[in-house]
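The values are calculated or read from the model by the stated rules, or taken from the named source; none is laboratory data. Just so you know, these numbers come straight off a predicted model, no measurement behind them. Cβ placement follows ideal geometry from the backbone for every residue including glycine, while neighbour counts extend to all protein chains displayed. Accessible surface is based on the protein model in full, side chains and every heavy atom, while ligands, DNA and RNA are left aside. Shrake-Rupley method; radii C 1.70, N 1.55, O 1.52, S 1.80 Å.
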Amino acid sequence: MSAQSVNTTTAGRVRAMPADLQGDLSNRARVERAMQSFALEYGSLTAFRLESCIHCGICADACHYYIATEDPQYTPILKVEPFKQAYKRESGPYAVFFKLFGLKRRVSADELENWQHLLYDSCNMCGRCSLICPMGINISELIEQTRHAMFDAGLAPAELYAKAKHQQHSGQPEASKEPYRDMLLAIGRQYKVEIPMDKDQAEVMLCVPRTDIEHYPKSVAALARVMQHLGVSCTFRSDGLVAENYGYYAGGREWQRKISMRLINEALACHAKTLIVPECGHAYTALRWEAAELYGKPLPFRVRHVTEYLAGQLQTGRLKLRKAGNGAVTFHDPCQLVRKGGVMDAPRQLMQALGLDLHELENNKAFSFCCGGGGGVLDIQRAAPLRYRAMESKLREVDDSGAQTFLTSCSDCRATFDDAKAHFNWEQTPHSLLELVADNLG
Amino acid sequence: MELLEFARGPALKVALVVFCFGVLWRLVGTVLLRYHRHLSEPRDGYFKAFMLGLLVGGSRSWPHKQYIKRTGYGEALGYAYHIGLFIVILFFAPHVLFIKSLFGVSWPTLPSGIVTIIAVLTFTLLLAVLFRRLAHRVLRRLSNFDDYFSWFVTTLVIVTGLMATAHFGARYETLLAWHILSFDLLLIWYPFGKLMHAFYIFPSRIINGYFLARKGAPS
Ligand code: SF4
Ligand code: SF4
């Protein structure tokens, strides 16, 4: 499945990088599939984004991959060059002109292969670049669209492809010792909390990051405990347990839809009015902002991140919290929640209610740097060395905050920081805000 | 026909036609592609998102302070030569006369000595911009024919304009003809390359601003 791409002659000026290939397709077929995929993405909004770039290079200064390496190939807009190239040559208002004068080369299979590194290994789809562009181009949206074409051309990283494939047919990104349903019930027994499962009727449907099931069971228990405390009728559904969407990471539109539909169907089946997304950033993007588009109509229930939901309960007075210690804390804003999702105040309201002495990171809220694991990068083995480089400044910011406790509200960010802790012998330990809430219910 | 007559007669007419139809075609080709409705529930309703989007049209002119340390120099350079170009184009007496002859409208002008100084400064800034494009690793990596040719046509207009003002290198009429011809060239190139950003900048910012605001995300 893995192949080393070595030909750079037609691939332009991006270094050849190892690329994973799916399927036994000819180069021509891969390019054709990518082109068909691009064609599906062309619309007016996309065209505005693709037409507007003035090559000012400013977006590089927002991206932690460029900042850490000073390697120009990590310039955000360059990561979508095949898409831009295809649009200008095949579909833009002056496509004829671009073709005739050879101003845009035909996208080649080598080029696509080489871009795998730029579109996946070195992009967290974190959206920091989209806030800096003076032309207002939403570069991370373009990256997501370009990933679609890569997936269609059989050029997704092996780990993301395999997990997306597994999840779209089984509901789990990978096989587990026991089904997740049983693991969840076992977590309930271990932490002595009732795990509501498969109720026919519930006001709220819950789901969990598989990262929590596998690595942070206390977070699963915390979610159940907080809901029990609130006395809200809620349920997990064994056919729609996993919050993450590997179709979204890999760029497989249809698989992303299938994975989202599991949760949508389960929420419909139990007549839920609200679907709570647990501490998982990408799940929030996939369910809150993209699921309705894939469903084809507005969702008949609300989608809320658990911190948003709990902040709402604070406001109505249903949730009361005890003060949780005196030390300084700092908080990492998960990109998909804050910059791409608009969840910025809710975690801070919870921290305030907990009486925490919050020391903000140097780059916080909308300008927070990604943990480095987003966009599926944490799963891509070969990306680890670059990821460690890109996240060093983030770790420094946490150290410089002077906080004794480091909180976040995304289990993938947490797993990325835990991995960095092991790699760098880092002294900080990332903790879950939800767990802290559950430990201090008033 | 004298070169000057050609430059401000048929050549200008052709250039203006190419410019108008070219710009229109490119804009229409962008606007008239398909749209799909966004179906997710907006955080604070559509109206607020739209108003915030409009705001981003202007606010993106100034970088967020978190970025400015890294981007300030390039942005200052960009601003400086754009302002220089605007002053020279809009406040040089012969330009205003030229615009009046075309469209019948005019406005006060600046003394030609001041405009000349600004034009020299603008030319120097354009050289700095080119140098930076060649020297900066990101800009060099991103740049293509469009970037260099757009720089070339813009700078050519300034250089020929300065030569004509200084009566340097040839007869005044010839220099003026070159200046107008270079402007004709700029008009012809305009719709095809990045100079079009003047038309894209606000819609593009507003669209991005709207979609971020729709999610309640900072923009
Ligand atoms: S989305 Fe984030 S990681 Fe990707 S190019 Fe932009 S700033 Fe870099
Ligand atoms: S900041 Fe925007 S306009 Fe400038 S190079 Fe990047 S995408 Fe293009």
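Condition test on B:Ala49, is it of a type in the set (Gly, Ala, Ser), more than 11 Å from every other protein chain (Cβ to nearest Cβ) and closer than 28 Å to A:Cys56 by Cα? Considered against the rule, which asks whether it is of a type in the set (Gly, Ala, Ser), more than 11 Å from every other protein chain (Cβ to nearest Cβ) and closer than 28 Å to A:Cys56 by Cα, B:Ala49 comes out as no. Residues in region A:412-429 that are crowded, with 22+ Cβ neighbours inside 10 Å and over 20 Å from A:Val220 (Cα atoms): 1 in all. If you check A:Ala403, A:Ala346, A:Ala366, A:Ala384 for being touching a residue at least 60 places away in the same chain (Cβ under 8 Å), small (Gly, Ala, Ser) and under 23 Å from A:Ala283 (Cα atoms), only one passes: A:Ala366. Selection of region B:110-147 for residues being within 12 Å of another protein chain (Cβ to nearest Cβ) and not in a helix (DSSP H, G or I) yields B:His136, B:Ser143, B:Asn144. Can you work out which of the residues in region A:385-411 that are in contact with a helix residue (DSSP H, G or I) (Cβ under 8 Å, 6 or more places away or on another chain) and open to solvent by 20 Å² or more (accessible area, probe 1.4 Å) is farthest from ligand 2 (Cβ to nearest atom)? The qualifying residue farthest from ligand 2 (Cβ to nearest atom) is A:Tyr388. Among all positions in region A:147-170, there is no residue which is within 16 Å of ligand 2 (Cβ to nearest atom), in a helix (DSSP H, G or I) and of a type outside the set (Phe, Trp, Tyr). For region B:197-218, the candidate set comprises residues that are at the interface with chain A (Cβ under 7 Å from one of its Cβ atoms) and hydroxyl-bearing (Ser, Thr, Tyr); within that set, the residue that is surrounded by the most Cβ atoms within 10 Å (Cβ to Cβ) is B:Ser204.
When region A:364-384 is limited to residues that are open to solvent by 10 Å² or more (accessible area, probe 1.4 Å) and under 30 Å from A:Leu441 (Cα atoms), the one that is nearest to the other protein chains (Cβ to nearest Cβ) turns out to be A:Lys365. If you go through region A:391-415 and pick out every residue that is more than 15 Å from the chain's Cα centre (by Cα) and farther than 18 Å from A:Val437 by Cα, you end up with 13.
Any chance you could count how many residues in region A:58-92 are more than 13 Å from ligand 1 (Cβ to nearest atom) and at the interface with chain B (Cβ under 9 Å from one of its Cβ atoms)? Looking only at that region, the number is 3. In the set (1) over 17 Å from A:Ala292 (Cα atoms); (2) surrounded by fewer than 22 Cβ atoms within 10 Å (Cβ to Cβ), A:Lys258 fails one condition alone, (1). Region B:1-109 holds helices (runs of 4 or more DSSP H) entirely within its bounds, and those carrying 1 or more residues that are over 20 Å from B:Leu212 (Cβ atoms) map to B:3-6, B:12-31, B:65-91, B:93-103. Hey, does region A:272-279 have a residue that's over 22 Å from the mean Cα position of the chain (by Cα) and buried (at least 24 other Cβ atoms within 10 Å of the Cβ)? Yes, some residue in region A:272-279 is over 22 Å from the mean Cα position of the chain (by Cα) and buried (at least 24 other Cβ atoms within 10 Å of the Cβ).
Remark: pairs (first residue in region A:178-202, of a type in the set (S, T, N, Q); second residue open to solvent by less than 30 Å² (accessible area, probe 1.4 Å) and in a helix (DSSP H, G or I); Cβ separation under 8 Å; 6+ apart in sequence or on different chains) = A:Gln190/A:Ala221.
Of the residues screened, A:Glu141 is not one that is among the acidic types (Asp, Glu), assigned to a helix (DSSP H, G or I), within 14 Å of chain B (Cβ to nearest Cβ) and away from ligand 2 (no atom under 16 Å from the Cβ). Scanning region A:333-356 finds one or more residues that are small (Gly, Ala, Ser), more than 14 Å from chain B (Cβ to nearest Cβ) and over 23 Å from A:Tyr249 (Cβ atoms).
Within region A:203-227, the residues that satisfy the criterion of being crowded, with 21+ Cβ neighbours inside 10 Å, over 18 Å from A:Leu441 (Cβ atoms) and in contact (Cβ under 8 Å) with a residue 60 or more places away in the chain are A:Met205, A:Cys207, A:Val208, A:Pro209, A:Thr211, A:Asp212, A:Tyr216. Only one entry in A:Ala149, A:Ala158 is of a type in the set (A, V, I, L, M, F, W, C), open to solvent by 10 Å² or more (accessible area, probe 1.4 Å) and either within 10 Å of ligand 1 (Cβ to nearest atom) or more than 10 Å from chain B (Cβ to nearest Cβ) (or both), namely A:Ala158. When B:Val153, B:Val105, B:Val88 are checked against the criterion of being open to solvent by less than 70 Å² (accessible area, probe 1.4 Å), away from every other protein chain (no Cβ under 14 Å) and farther than 30 Å from A:Lys99 by Cα, a single residue qualifies: B:Val88.
If you go through region A:270-293 and keep only what is of a type in the set (Gly, Ala, Ser), closer than 24 Å to A:His166 by Cβ and touching a residue at least 60 places away in the same chain (Cβ under 8 Å), you end up with A:Gly281, A:Ala283.
With the requirement that a residue be open to solvent by 30 Å² or more (accessible area, probe 1.4 Å) and closer than 30 Å to A:Arg302 by Cβ, what does region B:20-44 give you? Answer for region B:20-44, where residues must be open to solvent by 30 Å² or more (accessible area, probe 1.4 Å) and closer than 30 Å to A:Arg302 by Cβ: B:Arg34, B:Tyr35, B:His36, B:Arg37, B:His38, B:Glu41, B:Arg43, B:Asp44.
Restricting attention to region B:179-189, does a residue exist that is more than 16 Å from ligand 2 (Cβ to nearest atom), of a type in the set (D, E, K, R), within 19 Å of the chain's Cα centre (by Cα) and away from chain A (no Cβ under 14 Å)? The answer is yes; a qualifying residue exists. The helices (runs of 4 or more DSSP H) falling completely within region A:20-112 that include 3 or more residues that are open to solvent by 30 Å² or more (accessible area, probe 1.4 Å) and away from ligand 2 (no atom under 16 Å from the Cβ) map to A:27-41, A:95-100.
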